[in-house]
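The block underneath contains the structure these notes are about, expressed in structure tokens.
Please treat every number below as a calculation from the coordinates, not as lab data. Since this is a predicted model, take the numbers as computed values, not measurements. A quick note on method: Cβ atoms are made from the backbone with ideal geometry, for glycine too, and the neighbour counts reach across all protein chains shown.
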2 protein chains.
Amino acid sequence: MMTRTVGFRDTQIELAHGAGGKASRRLIEGLFMPYLQNELLAPLADAAYCDVNGTRLALTADSFVVKPLSFPGGSIGELAVNGTVNDLAVSGAKPLALLTTFVLEAGLPSSVLEVQVAALAAAARDAGVLVAGGDTKVVEHGKCDGMYISSAGIGLVDGRSRLSPGAVRPGDKILLSGPIGDHGITILLARGDLDFEADLRSDTRSVWPFVNAMLAACGPDLRWMRDPTRGGVATALNELARDAKLAVMLVDEAVPVSDPVRGACELLGLDPLHIACEGQFLAVVAADAADGALAALHAVPGGGEAACIGEIRAEPARTVLARTRYGSSRVIDVLVGDPLPRIC
Amino acid sequence: MMTRTVGFRDTQIELAHGAGGKASRRLIEGLFMPYLQNELLAPLADAAYCDVNGTRLALTADSFVVKPLSFPGGSIGELAVNGTVNDLAVSGAKPLALLTTFVLEAGLPSSVLEVQVAALAAAARDAGVLVAGGDTKVVEHGKCDGMYISSAGIGLVDGRSRLSPGAVRPGDKILLSGPIGDHGITILLARGDLDFEADLRSDTRSVWPFVNAMLAACGPDLRWMRDPTRGGVATALNELARDAKLAVMLVDEAVPVSDPVRGACELLGLDPLHIACEGQFLAVVAADAADGALAALHAVPGGGEAACIGEIRAEPARTVLARTRYGSSRVIDVLVGDPLPRIC
């Protein structure tokens, strides 16, 4: 059946292939897509749209392998809900139901599992979604790292906007819901590999209340959204620039970054724009709608730090730039390699 | 929020908790359900039903950890499609779309992954479903066994019948689509642990064409279906007997079992009724409709060995019995322990 040559040349799978950056893209486009290409999957977005009897559904799935299983501000059980719920939300869909599957390692204390099931259930309640089903498999001791969770989500597409990179126009504003990098750096610190302490918590939460407020405030002036998880803001905006064939111009100083995240990034030589968030999202809105959108975000509890961080330009197409505090511009590339494996 | 005491007393997770038998039931009902109970999840069936804008959807998810990754007649990629498709089919839903997530072990040869992606794509084509999305995560070498796949499925509930254990009546006939145990014994032999060779292949396939033919032939006279995977026919029918509060009376000699499966089971002291199938299903139909249903199954390619294997009785309620070839009856219990871990 297959005649197309697979374009993936790496001979084996490495951690970087799961990091959400350049290597992940190569794996998905070079190995998965030649076999699986179809009209639903083609856009490679956070969720696929599927029409069933005239109802437009959003479908998405993620697996979670975060280490450690619990960390300040969250846990794998909460990520398994919020990660999937947020992929639906930024696709403009109200999250309805989740399906969760567990792979458990033989020997896992039942109490460790119970903590995560309870966390997952509480997060689902908070997010207003029902866990409709799931499955549990057990593998031998040493063939898993405690537990992995996979979570699929079904959402009902909201009719107030039709989101697409193709709807983005030069002059549109780029909004960010809050400070970046809290999740990634929290995981790094929780592993104890770093001789550095900070009062930092994962930002994991459902972003649907914020998205809902933006949809009410902007309607069709809301053009595009994405949650900057693996690969961070830099990777998400590079995908936008590429798909929209436009330029993204950020203002470095406008991007909200907490002091502990900035400090850890300076210490490690990382750019906060590459560090994962689990409870933030990026939105592109028409320039006229930006003030109203920001006011709507600020009015939702937890949205006080939302900010306009830049704008869309026509040139240089397919490029993300940031204006530094010294007035110069730097090119923001996608994540290369995997400085922080297994953060979600 | 939680006041209910969790009823799960095992202090750690063991392989048997993933085997689909008594221990699995204890884990699901004792640990997961106290936290996750809701109206969609309550029936604990193969799929949950969810009404969205007047359209009745079936939702299901499974994870796959089979070892080895490829075996005669199938592979983890094919199981990830057919296992999920079949949970939808036996729930009376036409499979529409799948979401698949991969957890990959660093160091996995890309060619091994490619074989499974190709197998998954081919199985999806054969089953008439679209892969709408997915996700890939990579964990360190030694933290996974090559790859695990999780697969969620969305189906459109067929209006020709409303399946439920509550619809089953004494006198109804029990049909089986073909010989049992081929998948489980194939996996066992493929591991090479057994000094035994046989010409046996996994039966993995989509059962939707058979279900569709039964729905056309029987309409509302089709009362209940289940695919006997982990835990086998014995576990599936015990769940029916318990949920319908009725008795199941099988005829041992009527159950189709191939010679290699019977031979391996005798050698190992296993009952074929406990061995998993991946391409068969059980159906309960009204007595008057049984001949028509069997004729419909026989008319679908691959359905030639479908058989009536017993009937529903009022007493002894909540019990599965089998009439032996010697005229006596034996009690058929659910699977206890896990004689064959990681078969799917």
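Take every DSSP beta bridge whose two residues both sit in the stretch A:50-157; close to 75 percent of them are antiparallel. Largest mean-square fluctuation among B:Arg26, B:Arg325, B:Arg125, in a Gaussian network model of chain B whose springs join Cα atoms under 10 Å apart, belongs to B:Arg325. Here A:Asp195 yields copy-to-copy label distances, from shortest upward, of 5.9 nm, the label point defined as 7 Å from Cα along Cα to C-beta.
Counting only DSSP beta bridges whose two residues both lie in the protein assembly as shown, roughly 75 percent are antiparallel.
Here the dipole of the stretch A:165-331 is about 580 debye; that uses its Cα centre as origin and unit charges on the Cβ of Lys and Arg (positive) and Asp and Glu (negative). Averaged over the residues of peptide B:120-129, the number of Cβ atoms from other protein chains lying within 10 Å of each residue's Cβ is 2.
Which distances in nm, rounded to one decimal and ordered from shortest, link the label point of A:His298 to the equivalent label points in the other identical copies, with labels set 7 Å from Cα toward Cβ? Output for A:His298: 7.7 nm, nearest copy listed first. Classify the stretch B:242-344: rounded, prolate or oblate, from the alpha-carbon gyration tensor (a ≥ b ≥ c, eigenvalue square roots; a/c under 1.5 rounded; otherwise prolate if a/b is larger than b/c)? Verdict is oblate for the stretch B:242-344.
Could you please rank B:His298, B:His183, placing first whichever residue has the fewest other Cβ atoms within 10 Å of its Cβ?
Working: B:His298 13, B:His183 31.
Lowest to highest Cβ neighbour count: B:His298, B:His183.
Averaging 1/r over every pair of different alpha carbons in the stretch A:68-123 and inverting the result gives a Kirkwood radius of 12.3 Å. Taken about its Cα centre, the protein assembly as shown carries a charge dipole of about 960 debye when Lys and Arg each add +1 at the Cβ and Asp and Glu each add -1 at the Cβ. Put the Cα centre of the stretch A:176-193 next to the Cα centre of the stretch A:38-64 and the gap is 29 Å.
Packing, taken as the mean count of other beta carbons within 10 Å per residue, orders the peptides A:314-321, A:93-100 from highest to lowest as A:93-100, A:314-321. Projected onto planes of every orientation and averaged, the convex hull of the alpha-carbon atoms in chain B covers 18.6 nm². Across peptide A:102-112, the mean count of Cβ atoms from other chains lying within 10 Å of each residue's own Cβ comes to 6. The mean count of C-beta atoms from other chains within 10 Å of the C-beta of residues in A:58-70, rounded to a whole number, is 5.
Neighbouring Cβ atoms within 10 Å as the yardstick, rank A:Met147, A:Met225, B:Met249 fewest first.
B:Met249, A:Met147, A:Met225
Listing A:Lys22, B:Lys137 from fewest to most neighbouring C-beta atoms within 10 Å gives A:Lys22, B:Lys137.
Mean residue ellipticity, 222 nm, helices only, chain A: the sum of -39500 (n - 2.57) across DSSP H runs of n ≥ 4, divided by residue count and rounded to 500, is -8500 deg cm²/dmol.
Taking the square roots of 5 times each eigenvalue of the Cα gyration tensor of the stretch A:117-217, largest first, gives ellipsoid semi-axes of 32, 24, 14 Å.
Taking all Cα pairs closer than 8 Å and separated by 6 or more residues, the relative contact order of the stretch B:83-179 comes to 45 percent.
Taken over the Cα atoms of the stretch B:271-320, the convex hull encloses 96 Å³ per residue. A simple packing score, the average count of other Cβ atoms within 10 Å per residue, orders the peptides B:237-243, B:52-58 as B:237-243, B:52-58, with the highest score first.
Divide the volume of the convex hull of the Cα atoms of the protein assembly as shown by its number of residues and quote the answer in cubic angstrom per residue. Considering the Cα atoms of the protein assembly as shown, their hull volume per residue is 151 Å³. With its label point put 7 Å out from Cα toward Cβ, B:Ala287 sits 8.0 nm from the same residue's point in the other copies, in order from shortest.
Give the Kirkwood hydrodynamic radius (Å, one decimal) of the stretch B:50-157, defined as one over the mean of 1/r across all pairs of different Cα atoms. Write out the running numbers ahead of the final one.
Numbers: mean 1/r = 0.0704 Å⁻¹.
So the Kirkwood estimate lands at 14.2 Å.
Short-range pairs are left out: with C-alpha atoms under 8 Å and at least six residues apart, the relative contact order of the stretch B:235-313 is 49 percent. As an exercise, identify the GluC sites (Glu not before Pro) in the stretch A:90-190 lying in DSSP coil whose Cβ has no more than 15 other Cβ atoms within 10 Å. Qualifying residues, ordered by number: A:Glu140. Measuring max minus min along each principal axis, the C-alpha atoms of the stretch A:165-331 give extents of 46, 35, 26 Å (largest first).
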